[in-house]
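The structure appears right after this line, and notes come after that.
We did not get these values from a lab; they are worked out from the coordinates using the rules stated. This one's a predicted model, so the numbers in the text were calculated from it and none came from an experiment. Here the Cβ is made from the backbone with ideal geometry for all residues, glycine too, and neighbour counts use every protein chain on show.
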Amino acid sequence: MKRILSMVAVVLVVFAGAAFANEKAAEKAAPKHITLEDLKALKDAKKDFVLIDSRGGKYFDGEMIEGAVNLPVDKTTAESLAKIAPKKDTPLVFYCTDTACNASELAAYKALAAGYTNVSKVPDGIEGWKKKGWATTKPKN
């Protein structure tokens, strides 16, 4: 009986370890969420990162956070990302309209799937940025 209980305990420990490892792997594969203040600090410090506006079509109103590149979620591919961020360890920060918009989340997951390792999203998006009174710009053609 003790032998059976010992075997069961070993099996439980092995499965618990595997479950924990999978949870950690999933956690690593998710984009980080950063605040508007975090984004502003990155910009103010002139940190090396690529800011990506994931809005497209009718959702893109021609106004962007200064320094951003407009890459709509439906155009976000490994190839399009490689054009703006050739190195896979380049920090990528995605945003869209606001917390109700999921374009930046989808685009961030596409970047992770393409092998990018430092991927973040700003849930409050451009609407939150504008509410703070921070500057926006029109894209350059």
Worksheet item: Once the Cβ-Cβ distance between H33 and K58 is put in as r, and R0 is 25 Å, what FRET efficiency do you end up with, to the nearest 0.05?
Response: 0.45
Discussion item. Checking a compactness column here: for the stretch 91-141, what do you get for Rg(Cα) / (2.2 N^0.38 Å), N being the number of residues?
Written reply: 1.24
Worksheet item: Amide H to amide H under 5 Å from V69: which residues, 5+ apart in sequence or cross-chain, H placed 1.01 Å off N in plane?
Response: L51, I52, D53
Worksheet item: Stretched out fully, how many nm does the piece from A100 to K40 gain, at 0.36 nm a residue minus the Cα gap?
Response: 19.5 nm
Practice prompt. Can you tell me what the convex hull of the Cα atoms of the stretch 31-137 projects to on average, as an area in nm²?
Written response: 5.9 nm²
Item to complete: Give me the aspartates and glutamates in straight-line cross-link reach of K40: C-alpha distance below 18 Å, same-chain residues under 8 apart excluded.
Response: D48, D53, E63, E66, D98, D124, E127
Item to complete: Apply the Karplus parameterisation 6.51 cos²θ - 1.76 cosθ + 1.60, with θ equal to phi minus 60°, to every residue of the stretch 122-131 and state each ³J(HN,Hα) to the nearest whole Hz, in sequence, with x for glycine and proline.
Response: 10, x, 6, x, 5, 5, x, 4, 5, 4
Worksheet item: How high is the relative contact order of the stretch 31-137, in percent, with contacts defined as C-alpha pairs under 8 Å that are six or more residues apart?
Response: 36 percent
Item to complete: List the residues of the stretch 64-82 whose backbone N lies under 20 Å from a point placed 7 Å from the Cα of K130 along the Cα-to-Cβ direction.
Response: 64-73
